[in-house]
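To start, the structure under review is shown below, and the notes come after it.
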Amino acid sequence: MKEEYTSERYQELRARTKDFGLRAIRLWQSLPEQTDAQIIGKQLLRCATSVAANYRAACLAKSDKDLLHKLKTCQEEADESTLWIEYLIEANIIPAQRLESLLDESKQLTAIMTAATITISRRLNNIHH
């Protein structure tokens, strides 16, 4: 594991992704029993917790190629989380103001993972050129 991925910055993001998953768990626990809420909630639960799991795996990546793959998975799962949160809002299951912070965090995590994948991709391309 490269030292740069064990730094304070990466530990902070590790905690942040875990907190994002915990917030999704708490949201799911509070959802109404109606079928649509439960289905959407379970989808959010799956992908939001996956962001943290895959980020932890990325911190232990064996190579830049492995790191890129794991960070792309984090990016996809964070973006998918945004979709499910938007569905909860737009289907009038949960008021928008209640999900505003979680929605913002999913978008920020997507942006962070996107930037990281771009950086790693450029590094890999420079190695091969």
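Laid out as a table, the results:
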{"item": "Two-site label geometry, Arg123 and Ala53: point separation in nm, points 7 Å out along Cα→Cβ", "result": "2.5"}
{"item": "For Cys47, Cys74, order by how many other beta-carbon atoms lie within 10 Å, fewest first", "result": "Cys47, Cys74"}
{"item": "Calculated log₁₀ intensity ratio I(q)/I(0) where the Debye formula runs over C-alpha points of the range 1-63, q = 0.20, 0.23, 0.29 Å⁻¹", "result": "-0.73, -0.86, -1.12"}
{"item": "Stokes-Einstein D for the range 42-84, Kirkwood Rh over Cα pairs, 20 °C, 1.002 mPa s (µm²/s)", "result": "210"}
{"item": "For the range 101-108, Karplus couplings with θ = phi - 60° (6.51, -1.76, 1.60), whole Hz, Gly/Pro x", "result": "5, 5, 5, 4, 5, 5, 5, 5"}
{"item": "Ratio of Rg to Rh over the chain (Cα coordinates, Kirkwood Rh, two decimals)", "result": "1.05"}
{"item": "Listed pairs Lys42/Lys107; Lys42/Lys62; Lys70/Lys107 exceeding 25 Å between Cα atoms", "result": "Lys42/Lys62"}
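The numbers here are math on the coordinates, done by the rules we state, and not lab data. No experiment lies behind these values; they were computed from the predicted model shown. Please note: Cβ atoms are built from the backbone with ideal geometry, for glycine as well, and neighbour counts cover all protein chains shown.
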